[in-house]
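Participant: What follows is a structure written as structure tokens; I'll ask about it next.
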Amino acid sequence: MASLPNRKIAAAVVREDGEQKQRLLDRAFALAFKGLVYAQIWEDPVVDMEALAIEPGHRIATIASGGCNVFSYLVADPAEIVAVDLNTAHVALNNLKRVAIQRLPDHTSLHRFFADADNEANIADYRAFVRPHLDETSRRYWEGRDLVGRRRINGFARGLYKRGLLGNFIGLAHLVARMHRIDPRQFLAAKTIEEQRAIFEEKLAPLFDRKFIRWVTDQRSSLFGLGIPPAQYDALAGGKPMADVLRARLEKLACDFPLEDNYFARQAFGRGYGKGRTASLPPYLQAGNYDAVRGRAERVTMLHANMTDMLAAADAASFDRYIFLDAQDWMSNAQLTALWSEVTRTARPGARVLFRTAAEPSLLSGRLPDDLLGRWDYRAAESLDYTRRDRSAIYGGVHLYILKD
């Protein structure tokens with residue numbers, strides 16, 4: 001059974017009406033996506049919370065991924081967050097985070113567990129404070145073994161952010177860079193944005209002109225480690241060589257934001273958040289938010305479910321905010337229509353939807369029925385600004401839609 005893809009993931013990404021080669025690539029991605037993909041989510045929660053304008057009493061429907069944003073949204077005091085994910089590893093990670101936030105004795109232990117995530121004391125804390133309150137399915141996952149025989153919970157003693165599909169991809173990228181006599185960790189020594197740009201242009205940008213790098217990145221399977229399925233690869237490329245696209249996205253990550261404020265860059269170049277005062281952290285791990293996040297963690301409901309199915313089971317006019325990450329890039333027109341039909345049915349007045357796309361434009365125009373899309377106001381100018389300020393720098397577009405009166 002370990003070799004079989006998660007059926008929910010396969011149903012979401014495999015294009016059964018595609019050519020045989022396309023279906024094989026889709027199934028390969030579904031298999032790769034079966035385990036832990038994102039130990040950390042790669043969407044900027046600060047941009048999210050500004051765009052969403054979350055208020056006390058709001059109910060939020062979101063895709064969970066690594067959970068950083070789910071728990072960061074608690075800072076804004078919503079009434080409930082319903083988080084769904086097709087990936088059972090992500091469900092287990094979110095359940096672990098919720099219990100750890102509630103049960104670890106103080107912020108110091110929480111910081112050590114999820115910010116450092118590389119200390120043997122975390123395993124003792126797991127056994128003493130977290131394990132007794134964790135649901136059985138999540139407990140079995142964390143105490144089980146990965147494909148190379150390591151107990152998954154031990155990742156918190158050895159460096160969690162070096163594991164998972166994305167962690168392994170970043171590790172491989174570091175290895176390739178070192179093979180070309182470039183150490184990405186040198187970037188962490190930069191003190192100013194000017195120094196960041198100088199290092200990028202001298203050390204990192206030339207990598208993307210190497211014939212080997214250009215050949216590898218032209219293969220649709222090469223970006224599985226970023227969580228990018230074949231269906232999304234073409235949208236990301238936009239008709240350009242993938243090496244050029246990736247260089248432009250890395251340039252934004254490296255050069256557009258101060259390093260001390262961008263934990264996404266620290267993860268990419270240092271494979272962690274950093275230590276002590278040099279650490280840049282998502283809101284849910286920041287000391288100033290600790291009491292609020294801990295007191296509200298019980299408001300998170302975690303489901304192993306498809307977003308459309310979850311909404312179809314919900315009451316009409318029952319949600320205020322929706323976050324879809326980049327999942328719509330995977331969807332057919334029929335799937336998009338089914339999703340947005342349920343969003344419109346369950347949306348309360350003033351509801352907001354936020355999502356990201358690999359390509360720059362929003363993908364909804366021409367793909368949803370006019371009468372359905374016409375219920376929503378696309379905030380084009382604001383979306384361009386959110387895209388510009390998204391520190392993760394991976395996505396071509398961050399898009400905001402607001403339900404019309």
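The values are calculated or read from the model by the stated rules, or taken from the named source; none is laboratory data. What you see is a predicted model, and the numbers here were worked out from it, not measured in a lab. All Cβ positions, glycine included, derive from the backbone under ideal geometry; neighbour counts span all protein chains shown. Ligands, DNA and RNA are stripped out before the accessible areas are found, and what is left, the full protein with its side chains, is counted by its heavy atoms. Shrake-Rupley method; radii C 1.70, N 1.55, O 1.52, S 1.80 Å.
Participant: Over 16 Å, how big is the tail of the calculated P(r) for region 117-159, in percent of all Cα pairs?
Facilitator: Cα-Cα pairs of region 117-159 separated by over 16 Å account for 34 percent.
Participant: Between Asp315 and Asp291, what is the spin-label point distance in nm, taking each point 7 Å from the Cα along the Cα→C-beta axis?
Facilitator: Using points 7 Å along Cα→Cβ, the separation is 3.3 nm.
Participant: Roll a 1.4 angstrom probe over the protein heavy atoms and tell me the percent of accessible area of region 131-206 that is carbon or sulfur.
Facilitator: About 52 percent, which is the carbon plus sulfur part of the accessible surface.
Participant: Pull out a ≥ b ≥ c, the square roots of the eigenvalues of the alpha-carbon gyration tensor of the chain, then state rounded if a/c is under 1.5, prolate if not and a/b is larger than b/c, and oblate in the remaining case.
Facilitator: rounded
Participant: What shape does region 200-322 have by the C-alpha gyration tensor, where a ≥ b ≥ c are the square roots of the eigenvalues, rounded means a/c under 1.5, and otherwise prolate means a/b greater than b/c and oblate the rest?
Facilitator: Oblate is the answer for region 200-322, as a/c is 1.5 or above yet b/c matches or exceeds a/b.
Participant: While we're here: Hey, can you find the accessible area per residue of the chain for me, probe 1.4 Å, expressed in square angstrom?
Facilitator: On a per-residue basis, the chain sits at 44 Å².
Participant: Could you calculate the contour length gain from Leu384 to Val148, that is, 0.36 nm times the residue separation minus the distance between their Cα atoms, to one decimal place in nm?
Facilitator: 80.7 nm
Participant: At 1.4 Å probe size, put His107, His174 in order of accessible surface, largest to smallest.
Facilitator: So, going from the largest accessible area down, we get His107, His174.
Participant: In terms of the Cα gyration tensor, with a ≥ b ≥ c the square roots of its eigenvalues, is region 156-214 rounded because a/c is under 1.5, prolate because a/b exceeds b/c, or oblate?
Facilitator: oblate
Participant: So which of Lys191/Lys252; Lys191/Lys240; Lys203/Lys240; Lys162/Lys203 end up more than 21 Å apart by C-alpha?
Facilitator: Pairs exceeding 21 Å: Lys191/Lys240; Lys203/Lys240; Lys162/Lys203.
Participant: About the Cα centre of region 89-193, what is the dipole size in debye to 20, counting +1 per Lys and Arg Cβ and -1 per Asp and Glu Cβ, all else neutral?
Facilitator: With Lys and Arg at +1 and Asp and Glu at -1, about 240 debye.
Participant: Sorting Ser138, Ser332 by accessible area (1.4 Å probe), largest first, what list results?
Facilitator: From most accessible down to least: Ser332, Ser138.
Participant: Counting only protein heavy atoms and using a 1.4 Å probe, what share of the accessible area of region 53-130 belongs to carbon plus sulfur, as a whole percent?
Facilitator: Of all accessible area on region 53-130, carbon and sulfur atoms account for 47 percent.
Participant: Moving to a separate point now. Quick one: longest stretch of the chain between exposed loop GluC sites (Glu not before Pro), exposed meaning at most 11 other C-beta atoms within 10 Å and loop per DSSP?
Facilitator: Longest site-free region, per DSSP loop and neighbour criteria: 121-405.
Participant: Report the gain in length on full extension from Glu50 to Ser332: 0.36 nm times residue separation, minus Cα-Cα distance, nm rounded to one decimal.
Facilitator: 98.6 nm
Participant: How big is the accessible area of Trp330 in square angstrom, nearest 10, if you roll a 1.4 angstrom probe over the protein chains?
Facilitator: Looks like 40 Å² after rounding.
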